[in-house]
Each structure stands twice: as structure tokens, then as C-alpha cells.
1. Given (1) within 10 Å of the chain's Cα centre (by Cα); (2) modelled with pLDDT of 95 or more; (3) at negative phi, identify the lone condition not met by D34.
2. Go through region 11-29 and give me each residue that's within 18 Å of M1 (Cβ to Cβ) and in contact (Cβ under 8 Å) with a residue 12 or more places away in the chain.
3. I'd like the full set of residues that are exposed (fewer than 14 other Cβ atoms within 10 Å of the Cβ) and part of a strand (DSSP E or B), limited to region 5-32.
4. Since L11 meets every condition but one in (1) at pLDDT 95 or above; (2) closer than 30 Å to H89 by Cα; (3) of a type in the set (A, V, I, L, M), which condition does it not meet?
Amino acid sequence: MDITDVRIRKLSNTESKMKAIVSVTFDNAFVVHDIKVVEGQRGLFVAMPSKKTPDGEFRDVAHPISMAARESIQNAVLAAYEVAIESEHDDKKEAAAETE
């Protein structure tokens, strides 16, 4: 199964540990929404969509079965996130240059 699209929705609260909400499309046929990019103690990581259970625990709604699938999703999501961050920085530089 190939990852055919990754859509990043960055969050505006820069103080939050959650940096973005992501949708990942597989084979142009199946999409998983609400994947999260989170800032952890050892850097950014990807958290799968989850649901709160009646006892207060969070359980993944969808998740990869193999480590290879998890790494593939994480690499694609974090690469797309980095591109989104770079694009934002470039846009800010252009805006600043235009006001000078």
C-alpha cells in the first residue's frame, strides 16, 4: 500500500505540544484523518487517531500493524510537516521583504 497524499493542517497555538493534524491517503483510495504531529521529549513524533474510552483511556482508532508501515507513515508525515514549516518561513520572509 502506497502513501499517495499527505495533508497538513498546522495548529496556530505554538505553545501546544500538538503541532499539526494530518490526513494520509493510501493508494488514492483510503484516507485516515486526525493523525497528529506531536512535540515529544525526543523531538517530533506521529500519533495515530484515537478515541477516549468511558474509563478515560485513549485507544487508537486506526494504526499500522507492522513497524515498517509505522515508519513509512511517520517518515511521510514528518517530511510533509517539514515542507509546510519551510513554506511558512519562506512566506514570512517574502512578506517582510515586501514591507521594507
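1. Single failed check for D34: (3).
2. Let us first name the residues in region 11-29 that are within 18 Å of M1 (Cβ to Cβ), namely 22-29.
Within region 11-29, V22, S23, V24, T25, F26, D27, N28 meet the criteria.
3. D5, R9, M18, F30, V31
4. (1)
The values are calculated or read from the model by the stated rules, or taken from the named source; none is laboratory data. Everything quoted here is computed from the prediction, not taken from an experiment. When we count neighbours, we look across all protein chains shown, and the Cβ atoms used for this are built from the backbone with ideal geometry, even at glycine.
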